[in-house]
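Before any comments, here is the structure.
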Amino acid sequence: RIEFALKEIMSSGGAEDDIPQAERKTVTDFCYLLDKSKQLFNGLRDLPQYGQKQWQSYFGRTFDVYTKLWKFQQQHRQVLDNRYGLKRWQIGEIASKIGQLYYHYYLRTSETSYLNEAFSFYSAIRQRSYYSQVNKEDRPELVVKKLRYYARFIVVCLLLNKMDVVKDLVKELSDEIEDYTHRFNTEDQVEWNLVLQEVAAFIEADPVMVLNDDNTIVITSNRLSETGAPLLEQGMIVGQLALADALIIGNCNNQVKFSELTVDMFRMLQALEREPMNLASQMNKPGMQESTEKPARRENPHKYLLYKPTFSQLYTFLAASFKELPANSVLLIYLSATGVFPSGRSDSEGPYDFGGVLTNSNRDIINGDAIHKRNQSYKEMHCLHPGDLYPFTRKPLFIIVDSSNSVAYKNFTNLFGQPLVCLLSPTAYPKALQGMDSVSVSCAKCISLSIDLFFLLDQSLSSMRRGLWEKCQDYLRKINRDIAQLLTHSRSIDQSFLQFFGDEFLRLLLTRFIFCSATMRMHKIFRETRNYPESYPQLPRDETVENPHLQKHILELASILDVRNVFLENTLDDY
């Protein structure tokens, strides 16, 4: 392929004898690096998706070749322009591939700093207009490359909460799609318009709008900050377990999504990450500079993102995580999925008799939000039953379920004596909220940014000023500290909660879960048991979700937001 390319280049660039040997070698070396980089990049899709070790050396080789390629085209740009006919969109393609490498490295490692590196390369493509000349060529496949670049850039910006950039990119992508469909009579017009609709719905999924004094929007983050989790105070006796691995699974019908990331998956993955640091000052970018120094590591739990997995896929990833889980570590499973209910009454009450949540199959969904098995003699096959998770309770397991049948996971039995906690979403919401997105008050929503809950519970709230937002955040941190004290000083709480409380991610999840559960119990329209989050093991109500001290805090926070009228004042008297 290289020899063929060279003949084409030389024939178009002049007689071969007229080209200096050094320039011929430059073109040869560039063609070799370009060809090698494409081979390695295409090989990435053949790497196993699970397991944390097998892929690293291959990624390293791919990064090395792209580093050399990027440097090479910078150092020999004039020769490549004159002798190879290097076009700007080809430079853009190299930069785009490096951006994709960084993004996939983030997916593999969960290190958010690599998102910043992906953003820097994608942003450079836009700033330097590498794809600007593509529209002048009568080649639809080149325009598709440009459209895909925009879609990938949008995903990275969403993950970095750069919503102002997202809105600009969506406008540009819309214009590009309109031009593309006008110039070429292609069959993928519907698919690209669907991409626009998905990202627009994704942007609008969060109700919170925090405004500066000049009415510009403040970008808020769901990630763990330095002051996010309540600190462990002297005298708090908790376990030393650390969250090491997480499976984030999305399989809800008709949920807002972009690419293969549902809103709930997006919220949960950010709740399991620290705020990203910019690696630029600590490590070399491929093709930018050389350095032997490694960045200071800040561990995030490793994550697998599974969108609509089959049972086999889910179990394969679960087994891989279980196998590689280090000692004294926790595996977290987050399930955002349609409920699967048992049909009829069973004579037994085992771990396969309460239904569970949907796993993907090729069959059409029955009844929209739930599957009811017609043949009562068998259990639903395309379902993750609580019993399916029993083998994995041999190690510390932390489960969060957002589903209309989340209570199926309340019927666990701790067979092996390892720490085990399940946080379960409400199974139904009051009629006043049913016109909203069915997962608007999901566990993922509650434990990402708890102030959002007040926006959801009082729909007259649509925005707030930055000063008020920061005041509420400070007060919420105080509430979380008090919840931590309630938990660690409780005499009747199950020890599993305290075993997990030493990890700051899990500590924040637990305190926010209790805050949201207590808030819902105090709200005037949440009056049915199925409207409340639950847990396995059960939390001692009087010491946590119905604690008068916590209820007082919630009313004070509601007063700050001027929504106290939607809460019950004497809550305990109303039960």
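What follows is calculated from the coordinates using simple rules that are stated; it is not laboratory data. Just so you know, these numbers come straight off a predicted model, no measurement behind them. Cβ coordinates were reconstructed from backbone atoms using ideal geometry, including for glycine residues, and neighbour counts include every protein chain displayed.
To the nearest 0.05, what FRET efficiency results for Asp164 and Glu349 with a Förster distance of 56 Å applied to their C-beta separation?
0.60
Grab the alpha carbons of the stretch 210-252, take their convex hull, and tell me the volume per residue in Å³.
176 Å³
Considering the zone a paramagnetic label at Arg183 would reach in this model (a point 7 Å from Cα along the Cα-to-Cβ line), which residues of the stretch 114-138 have amide N under 11 Å from it?
132-138
Taking the alpha-carbon distance from Lys524 and a cut-off under 19 Å, which lysines remain once sequence neighbours fewer than 8 residues away in the same chain are dropped?
Lys431, Lys552
Cα extents of the stretch 1-206 along the three principal axes, largest first, in whole Å?
64, 47, 28
When the label point is put 7 Å from the Cα of His549 along its Cα-to-beta-carbon vector, which residues of the stretch 485-522 have a backbone N closer than 12 Å?
Flagged as within label range: 485-491.
Which FRET efficiency value, to the nearest 0.05, do you get for Glu299 and Asn565 by plugging their Cβ-Cβ distance into 1/(1 + (r/R0)^6) with R0 = 45 Å?
0.50
In the stretch 1-206, if the dipole is taken from +1 on Lys/Arg beta carbons and -1 on Asp/Glu beta carbons about the Cα centre, which of Phe202, Gln189, Tyr150 is farthest to the positive end?
Tyr150
Sticking with the crude label model, points 7 Å out along Cα→Cβ, report the distance from Gln485 to Arg128 in nm, one decimal please.
Computed distance between label sites Gln485 and Arg128 equals 5.6 nm.
Just check the stretch 98-236 against the gyration tensor rule for me: Cα atoms, a ≥ b ≥ c as the square roots of the eigenvalues, rounded for a/c under 1.5, and otherwise prolate or oblate depending on whether a/b exceeds b/c.
Judged from the Cα gyration tensor, the stretch 98-236 comes out prolate (a/c at least 1.5, a/b above b/c).
For the stretch 151-198, run through the GluC sites (Glu not before Pro) and keep only the ones in DSSP coil with at most 15 other Cβ atoms within 10 Å of their Cβ.
Sites meeting the loop and neighbour criteria: Glu187.
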